[in-house]
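Have a look at the structure below, then the notes.
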Amino acid sequence: MVIGSRKLDRALAAADEVRAAIPGAVVLGLENADATRKAPIVILSVPFEHTVSTVKGIRENLAPDQIVVSMGVPLATAIGDGAVRMLGIWQGSCAELVETLVPAGVAVVSAFQNVSAHRLRELDHPVECDVVVSGAALPRKRVMALCELVPGLRAVDGGPLANARIVEAMTALLIGLNVRYKVAEGIGLRFTGIPS
Ligand SMILES: NC(=O)c1ccc[n+]([C@@H]2O[C@H](COP(=O)([O-])OP(=O)(O)OC[C@H]3O[C@@H](n4cnc5c(N)ncnc54)[C@H](OP(=O)(O)O)[C@@H]3O)[C@@H](O)[C@H]2O)c1
């Protein structure tokens, strides 16, 4: 695994943190552009308002057959409003915006928007959350397989990338639920009735 950052020292510190939490983990820290070049699957995790500049900064290093996973959510915090409201995005969603920016042949898949970072860091507890994965069929299946590596996460086949609009908006709903139910660690989603 490679962790990218705008600053090499932050990437190295993040890699050290992972190794301290998971002894024996094979993890590198690199600047974003170098991290992108080495990764078959690039997970883009920056605040929505920095999505365009970040993708423009890495796209020269993306090549056909790589996958970019968009987990960004266009929360209204990007314009100084609240996290329980969404921005209207001309392209439809953050994921579809990213798709307009990557080179031809690079697949964009939407996933992980509804998973709390706090829960992901609790390594001794399963995450207990469904991950709706949307995008073209083959890259979607590859990212669904990735989800299954995290105890408790279950990948749900979310169909075409346009469904990212729905999934991203559910994050604003979850943030409101966290406030109303006073669950700072983050409430998750589970779909029922999906055949195992
Ligand atoms: N936090 C959650 O629980 C959660 C859950 C689901 C989805 N999301 C979504 O995932 C995305 C990232 O969320 P987050 O909570 O991880 O955000 P964050 O902690 O605020 O930022 C993530 C990283 O973005 C980089 N960054 C910050 N400012 C930047 C800038 N001006 N230009 C380029 N990169 C910048 C920073 O990395 P460097 O400084 O190392 O470059 C930072 O560590 C958001 O769209 C959020 O809505 C978050």
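Here's how it looks for residue 86: its modeled amide H is under 5 Å from those of 76, which are all 5 or more places away or on a different chain. Amide H contacts under 5 Å for residue 28: 2, 3, restricted to partners 5 or more places along the chain or on a different chain, H placed in the peptide plane at 1.01 Å from N. Computing FRET efficiency as 1/(1 + (r/R0)^6) for residue 60 and residue 13, where r is the C-beta to C-beta distance and R0 is 30 Å, gives about 0.70. Along the axis of the charge dipole computed for the chain (Cβ charges of +1 for Lys and Arg, -1 for Asp and Glu, origin at the Cα centre), the listed residues 55, 170, 102 are led at the positive end by 170. Entry note, the range 36-75: relative contact order of 62 percent, from Cα contacts under 8 Å with a spacing of 6+ residues.
Relative contact order, whole percent, for the chain stands at 17, derived from Cα pairs under 8 Å and 6 or more residues apart. Report the net charge of residues surrounding residue 164, where surrounding means a beta-carbon distance below 11 angstrom and charges are Lys +1, Arg +1, Asp -1, Glu -1. Combined, the nearby Lys, Arg, Asp and Glu give -2. Taking only protein heavy atoms and a 1.4 Å probe, the accessible area of the chain is 60% carbon and sulfur. Of the lysine pairs in the chain, how many meet both conditions: Cα atoms under 27 Å apart, and a spacing of 8 or more in sequence or different chains? So the count of such lysine pairs works out to 5. For the pair residue 91 and residue 79, the difference between a 0.36 nm per residue extended length and the Cα-Cα distance amounts to 2.5 nm.
Taking every DSSP beta bridge that has both ends in the chain, the antiparallel portion is near 10%. Within the range 45-154, antiparallel bridges make up roughly 25 percent of the DSSP beta bridges whose residues both belong there.
Each residue of the range 49-66 was assigned a 3J(HN,Hα) from its phi angle through the Karplus curve 6.51 cos²θ - 1.76 cosθ + 1.60 (θ = phi - 60°); the sequence is 5, 9, 5, 5, 5, 5, 5, 4, x, 10, 5, 5, 9, 8, 10, x, 5, 6 Hz, with glycine and proline shown as x.
Counting only protein heavy atoms and a 1.4 Å probe, the range 49-196 has 53 square angstrom of accessible area per residue. Calculated on the Cα set of the chain, radius of gyration then Dmax: 16.4, 46 Å. Only helices enter this figure: runs of n ≥ 4 DSSP H residues, each worth -39500 (n - 2.57), summed and divided by the residues of the chain, yield -10500 deg cm²/dmol at 222 nm to the nearest 500.
The values are calculated or read from the model by the stated rules, or taken from the named source; none is laboratory data. None of the values given here were measured: they were computed from a predicted structure. Quick reminder, even Gly has a Cβ in these numbers, built from the backbone with ideal geometry, and neighbours come from all protein chains shown. Only protein heavy atoms, including side chains, enter the accessible area calculation; ligands, DNA and RNA are left aside. Shrake-Rupley method; radii C 1.70, N 1.55, O 1.52, S 1.80 Å.
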